[in-house]
Amino acid sequence: MSTIDLSQLVTWRRELHRFPEIGWSEFTTTARLITELRGMGLEVLAGPNVINREFVRGRKADVVERGLALAQERGISQALLDEMDGLTGCMAVFDSGKPGPTVALRFDIDCVAVQECAAGDHIPNSGDFASKSAGLMHACGHDGHMSIGLGIAKWLVENSRSLGGKVKLLFQPAEEGVRGARPMAESGIVDDADYFLGMHIGFIAKTGEIVLNPNNFLCTTKYDFRFYGAPAHAGAEPHIGRNALAGACHAATQMLGISRHGKGMSRINVGVIRAGEGRNVVPAYGEIQVEVRGEDESINTFMAEQVERMAKGVAQSFDLRLESEVMGEAVDLRNDPELIDLLADVVAQHPELTAVAQRSFGGSEDATILAKRVQRHGGKSIYFIVGADLKAGHHQAEFDFDEKQLKTSVELFVGCLQKLMVK
Ligand SMILES: [Zn+2]
């Protein structure tokens, strides 16, 4: 087996770090991934082949347009952009040509809306690979995740003779806001997977720690509710107006009054309300941005159904037209014991690593949607954490991680693939 080259992983990561792109605008990033993966001789699918347009969440037209324009400015070929057809993300397929399982691996590719810090001791500055896009930064380590995915792809190609089965490497757009996994899952690309593996770098573990079974993934659904009424002069003929501001306010207060769930943790937040044009105009438009969460899928579904019903009820009672849009979603996850044991065996081969059996994740991550989809089709899934010392927490301007853990991550994936695919 060939060795894994840390300097190559670092080069990929740093190059990707320079060009961060926010969810659904990752055209430059996707083009670079496709070019790199095809250069290795892999088949790569993109655009509508890996994203089901009907289930796309939280994709803003102006963000997409800006990403496209920037990609053209940067010299990304029109042929690649045509292939993407407005949809970012891609999937590389490694086929050994021999019988064996199909394994799906997932890496997220988007950045965060954070301005990278300017301090001279921030390694991306001293190493000359800081973000070239104002207000955008790979501050969650997804640049590292992509580099890990490329490293695994390279290893697969170099070791194809000793392997059986297939590997699907998913490069998922728009993880932030938990938007990109559902449409990828709904494209059906993981439905034939026997195994699913996903990971995050850093987060809840430091260098040397591998969390085999993170728990407490919160289920969540994010909504925008838009109420459309009718404007009118507030003094002369208010009776012909339909007050969308009143509708939005009523919806917000009703939603905040949803009873807590007796079977486990539930959450609701109405985070944004926008309405009104002028003091003497009956407001014709009102919008609320809402999220619900639940300890498991049934509790989250309970919360989601409540807010949907309230939005509809308010629209009915105030005679408003309602537009509901799901902006993001994630589910909970239970790792399969078979894969926890498998990863534990791989970690045990590395004396420098410590396996942490369980630790609370306490947030939402939409890899869970892909993982659960595989489980529902009879496959097995795991999501784990590769610890990495951080300069600052995720989503902060000073964020940076221990790059040596890129190599650790590839070694762990490769160790698992060897056990699953070498017969
Ligand atoms: Zn992340």
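For Pro99, the conditions (1) in a loop (DSSP other than H, G, I, E, B); (2) without any contact (Cβ under 8 Å) to a residue 40 or more places away in the chain; (3) more than 26 Å from the chain's Cα centre (by Cα) are fulfilled apart from (2).
Counting residues in segment 108-115 that are within 16 Å of the ligand (Cβ to nearest atom), part of a helix (DSSP H, G or I), modelled with pLDDT of 95 or more and among the hydrophobic types (A, V, I, L, M, F, W, C) gives zero.
For (1) in the same structural domain as Phe196 (by TED's automatic domain parsing); (2) surrounded by 19 or more Cβ atoms within 10 Å (Cβ to Cβ); (3) more than 15 Å from the ligand (Cβ to nearest atom), each residue gets a yes or a no:
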residue	(1), (2), (3)
Gly313	no, no, yes
Ser324	no, no, yes
Gly363	yes, no, no
Val374	yes, yes, yes
Ile382	yes, yes, yes
His394	yes, no, no
Leu412	yes, yes, yes
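One line per residue, one yes/no per condition, for (1) open to solvent by 30 Å² or more (accessible area, probe 1.4 Å); (2) within 16 Å of the ligand (Cβ to nearest atom); (3) not charged (D, E, K, R):
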{"site": "Arg161", "(1), (2), (3)": "yes, no, no"}
{"site": "Pro173", "(1), (2), (3)": "no, yes, yes"}
{"site": "Gly177", "(1), (2), (3)": "yes, yes, yes"}
{"site": "Ile189", "(1), (2), (3)": "no, no, yes"}
{"site": "Asp192", "(1), (2), (3)": "yes, no, no"}
{"site": "His200", "(1), (2), (3)": "no, yes, yes"}
{"site": "Thr207", "(1), (2), (3)": "yes, no, yes"}
{"site": "Pro214", "(1), (2), (3)": "no, yes, yes"}
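Residues in segment 396-405 that are open to solvent by less than 30 Å² (accessible area, probe 1.4 Å) and within 15 Å of the ligand (Cβ to nearest atom): Phe399, Asp400, Phe401, Gln405. If you scan segment 257-274, which residues turn out to be in a loop (DSSP other than H, G, I, E, B) and in contact with an Asp or Glu (Cβ under 9 Å, 6 or more places away or on another chain)? Hits for segment 257-274 are His261, Lys263, Gly264, Met265. Evaluated against (1) touching a residue at least 40 places away in the same chain (Cβ under 8 Å); (2) open to solvent by less than 60 Å² (accessible area, probe 1.4 Å); (3) assigned to a loop (DSSP other than H, G, I, E, B), Glu277 falls short on exactly one condition, (2).
Exactly one residue among Ala388, Ala371, Ala392 is assigned to a helix (DSSP H, G or I) and of a type in the set (Gly, Ala, Ser), and that residue is Ala371.
The values are calculated or read from the model by the stated rules, or taken from the named source; none is laboratory data. Owing to the predicted nature of the structure, the values given are computational and were not obtained by experimental measurement. Please note: Cβ atoms are built from the backbone with ideal geometry, for glycine as well, and neighbour counts cover all protein chains shown. Accessible surface is based on the protein model in full, side chains and every heavy atom, while ligands, DNA and RNA are left aside. Shrake-Rupley method; radii C 1.70, N 1.55, O 1.52, S 1.80 Å.
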